[in-house]
Amino acid sequence: DKLAAIPGVDHIEPDLTVTLNDPVAEVSSTISPDEISQPETGYATVWSVDYIEAPSVWKHGNTGEGVTIAVVDTGIDGDHPAFGDRIVAFADFVYGDNSTAYDDYGHGTHCAGTIAGTGASGIKTGVAPGADLIGIKVFDSDGRANTSTIIRGFGRAVELGADVISYS
């Protein structure tokens, strides 16, 4: 009531818990042959990357290089071969373990792969395979986060210099 009475405060929202629907069982570093297409550009890609015609953009030199994308999610597996050394920063708002990028749920790694994965075997899985990544862990190992933690994660992504923020 005291906050609502402050001039300029339009309304107040409760700090709700957001829960992801289903965990990603495992983020594989291998891709089955039926998921691969060979577009006319000569890049081997997963079907979804080809479907949105990303290879036609890549052939003009636009692979995401020079762009930093923050993935506000469950973290990013820093050891996953699809990212190499392109995870340039990591912030853990759940357990405070900022020492190394990790993902104890899988969803953030999956999303990061869709955004910027090169694929462990050279098969491009991401739309921007040249982009750098920032992992922002806001969801815990059960896929839960408070809205206030998520909002803090957005702020940290901006502080770390993200050009784009992904929150899926």
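The values are calculated or read from the model by the stated rules, or taken from the named source; none is laboratory data. Here the structure is a predicted model, which is why all the values come from computation and not from measurement. All Cβ positions, glycine included, derive from the backbone under ideal geometry; neighbour counts span all protein chains shown. Heavy atoms of the whole protein, side chains included, go into the accessibility calculation; ligands, DNA and RNA do not. Shrake-Rupley method; radii C 1.70, N 1.55, O 1.52, S 1.80 Å.
Key figures for this structure:
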{"item": "Computed helical MRE - 222 nm, the chain, DSSP H runs ≥ 4 contributing -39500 (n - 2.57), nearest 500", "result": "-5500 deg cm²/dmol"}
{"item": "Percent carbon-and-sulfur accessible area, region 70-168, ignoring ligands, DNA and RNA, probe 1.4 Å", "result": "49"}
{"item": "Once exposed loop trypsin sites (Lys or Arg not before Pro) are cut out (DSSP; at most 15 other Cβ, 10 Å), longest piece of the chain", "result": "60-168"}
{"item": "Approximate spin-label separation Asn98-Asp85, in nm, with each point projected 7 Å along Cα-to-Cβ", "result": "2.2"}
{"item": "Cα lying deepest toward the dipole's positive end in the chain, options Asn62, Val46, Thr74, charges on Cβ", "result": "Asn62"}
{"item": "Accessible area per residue in Å² at 1.4 Å probe, computed on the chain", "result": "56"}
{"item": "Simple spin-label estimate for Arg144 and Tyr51 in nanometres, 7 Å along Cα-Cβ", "result": "3.3"}
{"item": "Rounded to whole Å, sorted largest first: equivalent-ellipsoid semi-axes of region 81-168, Cα gyration tensor", "result": "22, 14, 12"}
{"item": "Added length on full extension, which subtracts the Cα-Cα distance from 0.36 nm per residue, Phe154 to Ile6", "result": "50.8 nm"}
{"item": "Angle in degrees between helix 147-159 and the longest Cα principal axis of the chain, rounded to the nearest 10", "result": "60"}
{"item": "Candidate values (1) 48, 39, 32; (2) 52, 35, 31; (3) 62, 32, 28, label of the one derived for Cα extents along the principal axes in Å", "result": "(3)"}
{"item": "Spatially proximal lysines relative to Lys59 (Cα-Cα < 17 Å; intrachain offsets below 8 disregarded)", "result": "Lys124"}
{"item": "Hits among lysines - C-alpha to C-alpha of Lys137 under 20 Å, sequence gap 8 or more where chains match", "result": "none"}
{"item": "The chain, dipole about Cα centre (Lys/Arg Cβ +1, Asp/Glu Cβ -1), debye to the nearest 20", "result": "340"}
